[in-house]
Amino acid sequence: MTYLERMQQQVPYVANAQQAPQQLQQQAKHLCWQLNQLDPTCQTARQALMTTLFGTVQANTFVMANFNCDYGFNIHFQGFAYVNDNCTILDTSPVIIGAGAFLAPGVVLACAGHALVAEQRAQGVSTSAPITLAENVWLGANTVVAGGVTIGAGSVIGANSFVNRDIPAGVVAVGSPCQVLRPVTAADRLQVEQFDIK
């Protein structure tokens, strides 16, 4: 099995990062740079770049300025998604982003990690595990999601949280480490004001 094949599997792995496909990483960095230079109103050009960068992307996937990722091909958007400013995805393993996802400014999805033993870390020993966001997940500003985590459908993660374990569906969770606070309920439904359109 090649390093690239291992990267695309939905299983954790430990490897020497020096063997990672550097050319593909450089290509992703260049595509991110191009995406970040585009006028935000140039949706056709943005969509073309995202189609080249990401493994799976939809016409209603929106990625705002200062986006960065390691490889891009391992990121899979499954429907509408809004990735706000200054988000980073370290996709050394597959990252599945379900339809209806909202990633607030400063969110980091980090499949990649490093060895705890300093000698191994200096030698480039690294870890990686996939991340899955089910449908309609909202990650608050500056949330960090670690490798190996799945967040259930409809869940909301509070700002500045560190998510290092799975979060079930339909809950509000917050903290470092992130913990379930309560379920999302009918009492959370907002009353929307109606305005005249002129």
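Condition check for residue 27 on (1) under 26 Å from residue 143 (Cα atoms); (2) modelled with pLDDT of 95 or more; (3) surrounded by 16 or more Cβ atoms within 10 Å (Cβ to Cβ); (4) out of contact with any helix residue (DSSP H, G or I) (no Cβ under 6 Å at 6 or more places or on another chain): one failure, at (1). Pairing residues of the stretch 157-178 that are at positive phi with residues that are not in a strand (DSSP E or B), at Cβ distances under 6 Å and at least 6 apart in sequence or on separate chains, gives 160/142; 170/154; 170/184; 175/161. Taken over the stretch 50-86, the criterion of being over 19 Å from residue 155 (Cα atoms), of a type in the set (A, V, I, L, M, F, W, C) and either in contact with a Gly (Cβ under 7 Å, 6 or more places away or on another chain) or not in a strand (DSSP E or B) (or both) is satisfied by 50, 53, 54, 57, 59, 64, 65, 67, 73, 75.
Out of the stretch 121-137, which residues are small (Gly, Ala, Ser) and either at pLDDT below 95 or under 19 Å from residue 17 (Cα atoms) (or both)? Matches in the stretch 121-137: 122, 124, 126, 128, 129. Within the stretch 65-89, the set of residues being more than 26 Å from residue 17 (Cβ to Cβ) and within 13 Å of the chain's Cα centre (by Cα) comprises 78, 81, 82, 84, 85. Scanning the stretch 90-105 finds one or more residues that are charged (D, E, K, R) and under 19 Å from the mean Cα position of the chain (by Cα). Each residue in the stretch 155-173 was checked for being under 16 Å from the mean Cα position of the chain (by Cα) and either more than 12 Å from residue 137 (Cβ to Cβ) or not aliphatic (A, V, I, L, M) (or both), and 9 of them qualify.
Going through (1) within 15 Å of the chain's Cα centre (by Cα); (2) in contact (Cβ under 8 Å) with a residue 24 or more places away in the chain; (3) part of a helix (DSSP H, G or I) one by one, residue 36 falls short only on (1). Condition check for residue 35 on (1) buried (at least 18 other Cβ atoms within 10 Å of the Cβ); (2) closer than 26 Å to residue 165 by Cα: one failure, at (2).
The values are calculated or read from the model by the stated rules, or taken from the named source; none is laboratory data. Remember, it's a predicted structure, so these values are computed and weren't measured experimentally. For neighbour counting, all protein chains shown are included, and Cβ atoms are generated from backbone atoms with ideal geometry for every residue, glycine included.
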